[in-house]
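I have placed the structure first, in the form of structure tokens, so that the comments after it can refer back to it.
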Amino acid sequence: MMMQERTYKDAEGAILFDAAVSPQVGHGWFAPDYWRAQGALRTQAGGRGGVAIVAAPVGECVLRHYRRGGLVAALMGDRYLWTGADRTRPFKEFRLLAEITRLGLPGPAVVAARYCRRGMVYSADLITRRIADAQTLAECLAAERLDGELAEEVGALVARFHRAGVWHADLNAHNVLVASDELYLIDFDRGRVRTPATGWQQANLRRLRRSLCKLGAASRGETAFEETIWQPLLYRYQRTLDA
């Protein structure tokens, strides 16, 4: 189904949505309380980006509220500096996810994005379709399901995005989903399409490696991690990148 990008604007801000998925999307869609009142709020969690699973008319969706991380979070919280509608975090991620879908890459299907502007700052939200029956790579690692075969699949996944020039700003084990049908990359906030180049591609891989090691993938020793996880991942990555 081809995307039909539409924008709705009012005094609160603006909503960018795919009219091919839903002909109308209102501000209520971005409020967990709206879904709770309808008995459609499945789960809600906090963290850097508040996330809720909702049973929307278009199917189960993930509602994510953008929040800052690090030291700036204490000052700005969930507010971002206004520099124009097309440069807002949710609108940029919406369009990147649309491009990922167009390229046939396994990422979440985007439904809608919203910003609410208050003077020189704005807050933001994003709705994507939920990828069913999936675990993060971090959860697979914790359950001791990360072996050489799965590592190779991860390598192939990352290579497909890199070959298309898609840069993930935070490539870590929490942003790789392992589903029954295939693997997916999620959370493309601050991501973008770049000219394929070894420098940023290798930096992306190093970030993923640090994430895996931080979560205990090398707990049995660096040599074991290299032989059983990292080298199989790199082998399949390079083969896919060169294909």
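Laboratory data are not the source of any read-out in this text; all were calculated from the coordinates shown. Here the structure is a predicted model, which is why all the values come from computation and not from measurement. Virtual Cβ from ideal backbone geometry, glycine too; neighbours counted across all protein chains shown.
In the chain, with Lys and Arg counted as +1 and Asp and Glu as -1 at Cβ, which of these residues, Phe17, Thr223, Thr88, has the Cα nearest the positive end of the dipole, that is, farthest along it?
Toward the positive end, the furthest listed residue is Thr88.
Can you give me the angle between helix 231-242 and the longest principal axis of the chain, using Cα atoms only, in degrees from 0 to 90, rounded to the nearest 10?
Tilt of helix 231-242: around 70 degrees.
Where Lys and Arg each count +1 and Asp and Glu each count -1, what net charge lies around Arg87 among other residues with Cβ under 14 Å from its Cβ?
Overall, the nearby charge balance is +3.
Go ahead and run the numbers for FRET between Asp10 and Leu103, Cβ-Cβ distance against an R0 of 35 Å, rounding to 0.05.
E between Asp10 and Leu103, to the nearest 0.05, is 0.60.
Which order do Lys9, Lys92 fall in if you start with the one that has the fewest other Cβ atoms within 10 Å?
Fewest-to-most Cβ neighbours within 10 Å comes out as Lys9, Lys92.
So how much slack lies between Ala132 and Tyr235, counting 0.36 nm per residue of separation and subtracting their Cα-Cα distance, in nm?
34.2 nm
For region 134-242, compute Rh as the Kirkwood radius over C-alpha pairs and then the Stokes-Einstein diffusion coefficient at 37 °C and 0.692 mPa s; write the answer in µm²/s, rounded to an integer.
Reported coefficient: 238 µm²/s.
So what's the projected area for the chain, the Cα convex hull averaged over all directions, in nm²?
14.2 nm²
For region 134-242, give the magnitude of the charge dipole about the Cα centre (Cβ charges: +1 Lys/Arg, -1 Asp/Glu; no others), in debye to the nearest 20.
560 debye
Would you mind calculating the gained length between Gln202 and Val58 on full extension (0.36 nm times residue separation, minus the Cα-Cα distance), in nm to one decimal?
Between Gln202 and Val58, full extension yields 48.1 nm more.
Against the longest principal axis of the chain, how steep is helix 148-163, in degrees 0 to 90 to the nearest 10, with axes from Cα atoms?
Long axis of 148-163 versus the principal axis of the chain: about 50 degrees.
For Glu139, put the label point 7 Å out on the Cα→Cβ axis and report which residues of region 101-126 keep their amide N under 18 Å from it.
It comes to 107-109, nothing else.
For Thr83 and Thr195, FRET efficiency with R0 = 35 Å and r from the beta-carbon atoms, rounded to 0.05?
0.90
Quick one: Glu5, Glu152, fewest Cβ neighbours within 10 Å first, how do they rank?
The most exposed by this proxy come first: Glu5, Glu152.
Mind pulling the angle between the C-alpha long axis of helix 89-102 and the longest principal axis of the chain? Nearest 10 degrees, somewhere in 0 to 90.
For helix 89-102, the angle is close to 60 degrees.
Which FRET efficiency value, to the nearest 0.05, do you get for Glu222 and Glu149 by plugging their Cβ-Cβ distance into 1/(1 + (r/R0)^6) with R0 = 25 Å?
Once the sixth-power term is evaluated, E becomes 0.75.
If each DSSP helix of 4+ residues adds -39,500 (n - 2.57) and the sum is divided by the residues in the chain, what number results at 222 nm, nearest 500 deg cm²/dmol?
Dividing the helical sum by the residues of the chain leaves -9500 deg cm²/dmol.
Each residue of region 14-26 in turn: what ³J(HN,Hα) in whole Hz from Karplus with 6.51, -1.76, 1.60 and θ = phi - 60°, glycine and Pro shown as x?
8, 10, 9, 8, 9, 5, 6, 8, 9, x, 9, 9, x
Could you list Glu99, Glu222 in order of exposure, starting from the residue whose Cβ has the fewest other Cβ atoms within 10 Å? Numbers along the way, then the final one.
Values: Glu99 18, Glu222 10.
Ordered from fewest to most neighbouring Cβ atoms within 10 Å, Glu99, Glu222 come out as Glu222, Glu99.
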